[in-house]
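S.K.: Got a structure for you, questions after.
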Amino acid sequence: MAVLPASVRVALWASAAFAGRVPVEDVADRAMPDLDHCTGLTDRLGLWRDLGEQVLLVALPRPGDLTGMPAGPPEMVTAALDAEELVFVPGVGGALVPTIEEFGPPGDRGWQARWTGYDADPVPSHVVQAVALPDVELALRRAAADLTGRLAETSGAPLAGEGLERLARRTVAQDWGVPEGLPSRAVRVIELAGSLTSLAEIGLDGRLQSVDSSTTLQRERILQELHDRAAQALVAATNVAALHLAGWR
């Protein structure tokens, strides 16, 4: 089943923990129940909590798009681009980047998340709080309507339009595993953006490509744009929800 990125879920559950809603020690299990093992997360979250941090934020960077990332050393940027995700605290500065991988001997394999800490610059509070979620939702819905319409018009695409949407609905988890008590609009945008990123990832699967190379390229461009727009909205909605958990909004 498709799930939200680990950093999205960790940002929400860690912000809930900073607010005293759950123990910091429970964040890994709450945020990543689909993984078998997690290292490097709890101690760093506990340190940030003890230093007075109240919120953990997320970014989903891509090559050429570092929107939302705090400034930091080159090795942090490289790791975040490889993982396509990270979480960070805006006050004292600092980031965590996950590496999600298989582990264990043959026949007894599992999945683990190794979180690596990096120094990062603080982020001014007015930058953190500037997001207008109604505008984010409207822009996402308009982009989704336009891009899925263009996808449906792509000749020869075997999973265009409704066919791809039905496939995405069958593979997207109904329970996203986020804390209770989030603003309804934030939850709505998280669900929509999460579904759209999953839909785009399914369509970009090389096993589903058209035999027509020009059609395949056209479809990939549309799906990549859909994925990027949805990922940007997912970050915005997650961070607004995290700010709500922290009592900042």
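S.K.: At a 1.4 Å probe radius, carbon and sulfur cover how many percent of the accessible area of the stretch 35-94? Before the final figure, lay out the partial values.
M.R.: Values: 1350 of 2680 Å².
After summing per-atom areas, the C and S share lands at 50 percent.
S.K.: Against the longest alpha carbon principal axis of the chain, how many degrees, from 0 to 90 and to the nearest 10, is the axis of helix 184-203 turned?
M.R.: Approximately 50 degrees, to the nearest ten.
S.K.: Among Ala230, Tyr118, Phe88, flag the residue with its Cα farthest along the positive direction of the charge dipole of the chain, charges on Cβ as +1 for Lys/Arg and -1 for Asp/Glu.
M.R.: The one lying farthest along the dipole's positive direction is Ala230.
S.K.: Further, regarding this structure: Non-local amide H neighbours of Thr99 (under 5 Å, H modeled in plane, Pro and chain starts lacking H): which ones?
M.R.: Arg114, Trp115, Thr116
S.K.: Can you tell me the orientation of helix 6-18 relative to the chain, as the angle in degrees between its alpha-carbon axis and the longest Cα principal axis, to the nearest 10?
M.R.: 30
S.K.: Could you give the radius of gyration (one decimal) and Dmax (whole number) of the Cα atoms in the chain, in Å?
M.R.: 18.4, 57
S.K.: Another question, if that's okay. Nothing charged except the Cβ atoms of Lys and Arg (+1) and of Asp and Glu (-1): what's the magnitude of the dipole of the chain about its Cα centre? Round to the nearest 20 debye. If you can, show how the numbers build up before the last one.
M.R.: Numbers: 21 positive and 33 negative charges, 140 e Å.
With Lys and Arg at +1 and Asp and Glu at -1, about 680 debye.
S.K.: Rg and Dmax of the stretch 1-130, Cα atoms, in Å?
M.R.: Radius of gyration, then largest Cα-Cα span, for the stretch 1-130: 14.5, 51 Å.
S.K.: In what sequence, highest mean first, do 230-240, 6-16 appear when ranked by Cβ atoms within 10 angstrom? Provide the component values of the computation, followed by the final result.
M.R.: On the way: 230-240: 25.7, 6-16: 27.9.
Most protected by this proxy first, the peptides run 6-16, 230-240.
S.K.: I'd like to know which of Thr154, Leu51, Thr39 lies farthest towards the positive end of the charge dipole of the chain, counting +1 on Cβ of Lys and Arg and -1 on Cβ of Asp and Glu.
M.R.: Towards the positive end, the residue furthest out is Thr154.
S.K.: Working from Cα positions, state the angle (0 to 90°, nearest 10) between the long axis of helix 74-83 and the longest principal axis of the chain.
M.R.: 50
S.K.: As a check on your grasp of the helix formula, calculate [θ] at 222 nm for the chain: sum -39500 (n - 2.57) over DSSP H runs of n ≥ 4, divide by the residue count, round to the nearest 500. Don't skip to the answer; put the middle values down first.
M.R.: On the way: 9 runs with 125 residues, N = 249.
Result for the chain: -16000 deg cm²/dmol, rounded to the nearest 500.
S.K.: If you roll a 1.4 Å probe over the heavy atoms of the protein chains, what accessible area per residue do you get for the stretch 13-145, in Å²?
M.R.: On a per-residue basis, the stretch 13-145 sits at 50 Å².
The values are calculated or read from the model by the stated rules, or taken from the named source; none is laboratory data. Because the structure is a prediction, the values reported are computed rather than measured. All Cβ positions, glycine included, derive from the backbone under ideal geometry; neighbour counts span all protein chains shown. Only protein heavy atoms, including side chains, enter the accessible area calculation; ligands, DNA and RNA are left aside. Shrake-Rupley method; radii C 1.70, N 1.55, O 1.52, S 1.80 Å.
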